[in-house]
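Coordinate-derived values only; no laboratory data. Values in this document were obtained by computation on a predicted structure and should not be read as measured data. FYI the Cβ positions are ideal-geometry reconstructions off the backbone, even for glycines, and counts take in every protein chain you see.
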Amino acid sequence: MPFAIRPATDADVPNVLPMVQAVCDYHRTLEPQRYAFVADVTARYESWLRQRAADPASVLLVAEEAGAAELLGFVVGETLDEIPVFEVKRYGFIHDLWVEPSARNRSVGTRLVAETVARFASMGLTQVRGDTAWANTASRSMLAQLGFAPTTVQVLKHIGRPNP
């Protein structure tokens with residue numbers, strides 16, 4: 001079935017939150033020390049997503065089934081400032097991407113990311129960055145097909161209990 005990509009509105013946020021929880025749960029299975037989310041992670045996301053939906057320097061998109069209100073996925077990113085030692089002063093950063101399991105292998109994620117890149121480009125940005133888990137080979141492959149290249153490997157050493 002066809003699907004559409006559109007900007008998310010404040011009214012979409014409650015339907016995006018279960019997908020946010022799914023992102024968090026998935027990352028926790030990959031690396032529980034790195035992704036030790038607070039208990040009220042979706043409540044914290046709720047206000048942040050509402051801000052992203054209203055912010056012209058952010059991108060919050062949803063994919064929905066044509067002719068239905070069912071959300072298939074979402075992507076959220078924002079414009080960030082670089083530290084002043086680099087030539088690039090501002091860049092787009094993709095924080096989260098999720099595609100519902102029932103909608104995978106239909107190019108939903110590819111189209112969400114491609115539209116996000118296009119929106120950042122229309123803001124005059126020259127770079128789009130993001131993180132993806134090393135174990136998420138499907139994500140890394142999709143991003144490579146869209147022209148993203150690995151630039152940094154983030155490392156983690158657990159040295160004690162997390163700060164409260």
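Structure data summary
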read-out: Cα gyration tensor category, rounded, prolate or oblate, for region 51-108 with a/c compared to 1.5; value: prolate
read-out: Cα-projected label distance for residue 38 with residue 22, points at 7 Å along beta-carbon direction, nm; value: 2.5 nm
read-out: Cα gyration tensor shape for region 105-153, rounded if a/c is under 1.5, else prolate or oblate; value: oblate
read-out: Summed residue charge, Cβ within 14 Å of residue 31's Cβ, Lys/Arg positive, Asp/Glu negative; value: +1
read-out: Helix-derived mean residue ellipticity, 222 nm - over the chain, DSSP H n ≥ 4, -39500 (n - 2.57), to 500; value: -11000 deg cm²/dmol
read-out: Relative contact order for the chain, counting Cα pairs under 8 Å that sit 6 or more residues apart, in percent; value: 20 percent
read-out: Highest-MSF residue in the chain out of 63, 121, 138 [GNM, Cα springs under 10 Å]; value: 138
read-out: Quotient of C-alpha Rg and 2.2 N^0.38 Å, computed over the chain; value: 1.05
